[in-house]
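The values are calculated or read from the model by the stated rules, or taken from the named source; none is laboratory data. Quantities reported herein were computed from a predicted structural model and do not represent experimental measurements. When we count neighbours, we look across all protein chains shown, and the Cβ atoms used for this are built from the backbone with ideal geometry, even at glycine. When the accessible area is computed, the model is the full protein with side chains, heavy atoms only, and any ligands, DNA or RNA have been set aside. Shrake-Rupley method; radii C 1.70, N 1.55, O 1.52, S 1.80 Å.
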Amino acid sequence: MTSIIELDHLTKSFKGRGRKVETTAVNDLSFSVEQGEIFGFLGPNGAGKTTTLYTLLGFLHPSSGGGSVFGLPFGDPEGLRRIGYLPEYVNLHEYYTPDGMLNYYARLSGLDPVEARARASYVLERLGIADVCNKRISKFSKGMIQRLGLAQAVLGNPDLLFLDEPTSSLDPVGRKDVKDLLLELKAQGKTVVISSHILSDIESLCDRVAIIRKGRLVKTGKLDELLSTGSGVRITTDKLPTDAVNEIQQLGGVVIGSDTVFAIELPDREKEYDVIGILRKHGCPLISVAEQKSSLEDYFFDIMKGEETK
Amino acid sequence: MSILAVAKDQFSDLLRRRYLLVIFIGALAIIGMWVGYLALMKSLFPAMQQGAQDAATKGMTEMMIGGLQVALHAIIGSIGVLLALGLMCFSVTSEVSKGTVRMILSRPVRRYEFFIGKWLGCVCIVGVYTLLVGTMVCTYTYYSFGRLLPVIPLSIAMLFLKAITVGSIGMALAMWLRPIVALLVAYLAAAETFLFIAGFMHGIAKSVMHTLFYALPSYKAFDLYTGIMNGTIMSGAEIAYRVAYAVLIWALMLIAGASLFQRRDLA
Ligand SMILES: Nc1ncnc2c1ncn2[C@@H]1O[C@H](COP(=O)(O)OP(=O)(O)O)[C@@H](O)[C@H]1O
Ligand SMILES: [Mg+2]
């Protein structure tokens, strides 16, 4: 695995103007993003996600620390050539049509004009805005602008994609389209960094996440690892005599259920086989044994609560 | 390449602006009114007719016509300067405040390329203005006097140099000051302003003003009013000197502006 993005103690403060105090939007942030993964960059509003992406793209100069993208300094044109970027708020020159706009961006990217035109019509088709490609952008809805922003981001077939809150202004259909597109890109070996405060959007997509809060890294790691820590087991059966219930309760299990389905919840996996032994002794059939993962959402709130009390 | 793409975008964006159309039409209307006014004067004072024989009358007439011509050039020149200043002070800063700049700079475009591209786009618009206005003034002069004095097109070309010079200073200042403040400062930062102020001062203040007069760029160097009055033209060397002077200021302002822009946080 090669790191595509390296953040090394990145700090970014904004000087306060007038009566405003200085804010440290990103504080001593270090993590790396590997090639070919979908990397979730999570945090509540104001956590510093956008500021971090701006710094990676060279719009902001770090106050201290730094890092690299493709082994190059932030904002290096050679790196940008391989990057696609979808901002949180897509601001396009409204006098363009999608065709005209993509043509302008293709020229800025130094793409071959003929190839760029073919690619533009493919991308517009793929994102479902081909039928409005000759309409002025000023007449577009927010969702269409978001799609056009995404079309611009993937126009040059980039190796690395930065998406800042990509699903925030899309309808459910649009969200699904974006998800499909991201999975397609991942299958092609592209790297995607996707920032969001909407956890359910990211959960099903990301290989790894970094969670930040008030500019500081709270946690980073593989999604399954983060979520399996501290999670228990749930065993279901369709028969459970009272004797068995008592024995299980003595082991610390919680029994939920009616007379047809019983679920036994254990806080950890230590007593898993003891419980299965009890069930066998009483001749109760095992229907399922499953790890009980907390959702990313639960995890997120747990972490935030923990931080709050610190 | 990127410079040209940005310049073309800036140019075609501006061409679509309604206020620009208003300015262009306004400038042409002013010239039209001026021509009408001159024609009216001529018909009211027959002495102004071409055929006037008496030398004294002829001299008077030429002075009057010259004076009117100078006023006309001063007006279209001021419009050109304000146009260049307005376009250039806001060209980069408006993209920063709208946030479009980040979309563009996420492409492999260096900041100085963006800056120069914006500048070039504005130069082209001021060029279109100069061509429109210049063609009209030259045509009118030609039909009215039966010949085109070379000083007229030269004066128009100098107005273009002046407008771009003042605009470039404003564009660089706008990377440091608020655009509207930059516009005012650039407009007033002419060397001649401080010579004028020095006239009201004494002692150290006066020397400071004089120092500023020598340090700051001269805008008056591009005004050919005496030439228009006398119908005389500058030497080739004098023209070359002015062109070089203008280009030098442009280069300095582009370097200063682009480096200030480079250091800026685009949040
Ligand atoms: N240009 C700026 N000047 C001052 N403060 C800023 C600026 N941009 C962002 N901030 C502050 O930095 C913090 C992080 O903002 P941001 O990166 O936009 O968060 P997120 O994208 O995670 O919602 C916020 O407290 C915000 O107010
Ligand atoms: Mg944000």
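Suppose we keep only residues that are charged (D, E, K, R) and in a loop (DSSP other than H, G, I, E, B) within the range A:78-108. Which one would you say is nearest to the other protein chains (Cβ to nearest Cβ)? Break it down stepwise before answering.
Taking the range A:78-108 and keeping what is charged (D, E, K, R), we get A:78, A:81-82, A:88, A:94, A:99, A:107.
Still in the running and in a loop (DSSP other than H, G, I, E, B): A:81-82, A:88, A:94.
Numbers: A:Arg81: 4, A:Arg82: 9, A:Glu88: 10, A:Glu94: 9 Å.
That would be A:Arg81.
Just to check your reading of the model, which residue among B:Leu83, B:Leu72, B:Leu21 is modelled with pLDDT of 85 or more, surrounded by fewer than 15 Cβ atoms within 10 Å (Cβ to Cβ) and within 30 Å of B:Val185 (Cα to Cα)?
Sole residue among the options that is modelled with pLDDT of 85 or more, surrounded by fewer than 15 Cβ atoms within 10 Å (Cβ to Cβ) and within 30 Å of B:Val185 (Cα to Cα): B:Leu21.
Please find, within the range A:27-77, the residue that is farthest from ligand 2 (Cβ to nearest atom) out of those that are more than 17 Å from the chain's Cα centre (by Cα), in a strand (DSSP E or B) and within 27 Å of A:Gly156 (Cβ to Cβ).
A:Leu72
Could you please let me know if B:Ala186 is surrounded by 18 or more Cβ atoms within 10 Å (Cβ to Cβ) and more than 14 Å from chain A (Cβ to nearest Cβ)?
Criteria met by B:Ala186.
How many of the residues making up the range B:129-138 are open to solvent by 50 Å² or more (accessible area, probe 1.4 Å) and either at pLDDT 95 or above or under 30 Å from A:Leu108 (Cα atoms) (or both)?
So the first thing to find is which residues in the range B:129-138 are open to solvent by 50 Å² or more (accessible area, probe 1.4 Å), and the list is B:131-132, B:135-136.
Restricting the remaining residues to those that are either at pLDDT 95 or above or under 30 Å from A:Leu108 (Cα atoms) (or both) gives B:131.
Looking only at that region, the number is 1.
Out of all the residues in the range A:109-132, which are part of a loop (DSSP other than H, G, I, E, B) and more than 9 Å from chain B (Cβ to nearest Cβ)?
Those that are part of a loop (DSSP other than H, G, I, E, B) and more than 9 Å from chain B (Cβ to nearest Cβ): A:Leu111, A:Asp112, A:Leu127, A:Gly128, A:Ile129.
Which ranges mark the helices (runs of 4 or more DSSP H) fully within the range A:191-280 that have 3 or more residues being within 16 Å of ligand 2 (Cβ to nearest atom)? Explain how you work it out, then say what you get.
Values: elements: A:199-203, A:223-228, A:242-250.
Result: A:199-203.
Would a scan of the range B:156-175 turn up a residue that is modelled with pLDDT under 95, surrounded by 17 or more Cβ atoms within 10 Å (Cβ to Cβ), among the β-branched types (Val, Ile, Thr) and more than 26 Å from B:Ser2 (Cβ to Cβ)?
Yes; the residues of the range B:156-175 include at least one that is modelled with pLDDT under 95, surrounded by 17 or more Cβ atoms within 10 Å (Cβ to Cβ), among the β-branched types (Val, Ile, Thr) and more than 26 Å from B:Ser2 (Cβ to Cβ).
Scan the range B:107-127 and report the pairs whose first residue is at the interface with another protein chain (Cβ under 9 Å from one of its Cβ atoms) and whose second residue is in a loop (DSSP other than H, G, I, E, B) and open to solvent by 20 Å² or more (accessible area, probe 1.4 Å), with Cβ atoms within less than 8 Å and a gap of 6+ or a chain change.
Filtered contacts from the range B:107-127: B:Pro108/A:Arg81; B:Pro108/A:Gly110.
List the number of the failed condition for A:Asp131; all other conditions in (1) of a type in the set (Asp, Glu); (2) within 30 Å of A:Gly48 (Cα to Cα); (3) open to solvent by 10 Å² or more (accessible area, probe 1.4 Å) hold.
For A:Asp131, the failing item is (2).
Would you mention how many residues in the range A:158-173 are away from ligand 1 (no atom under 16 Å from the Cβ) and within 14 Å of chain B (Cβ to nearest Cβ)?
Residues that pass the stated criteria total 4.
If A:Leu183 satisfies every condition in (1) open to solvent by 60 Å² or more (accessible area, probe 1.4 Å); (2) at pLDDT below 80 but one, which is the exception?
(2)
Quick one: would you say A:Asn91 is within 19 Å of B:Asp9 (Cβ to Cβ) and either surrounded by fewer than 24 Cβ atoms within 10 Å (Cβ to Cβ) or away from ligand 1 (no atom under 16 Å from the Cβ) (or both)?
The answer is yes for A:Asn91.
Would you call A:Arg147 within 15 Å of A:Leu185 (Cβ to Cβ), surrounded by 18 or more Cβ atoms within 10 Å (Cβ to Cβ) and either of a type in the set (Phe, Trp, Tyr) or away from chain B (no Cβ under 11 Å) (or both)?
no
Checking A:Leu42 against (1) more than 14 Å from chain B (Cβ to nearest Cβ); (2) closer than 26 Å to B:Arg111 by Cα; (3) among the aliphatic types (A, V, I, L, M), which test does it fail?
All conditions pass for A:Leu42, except number (2).
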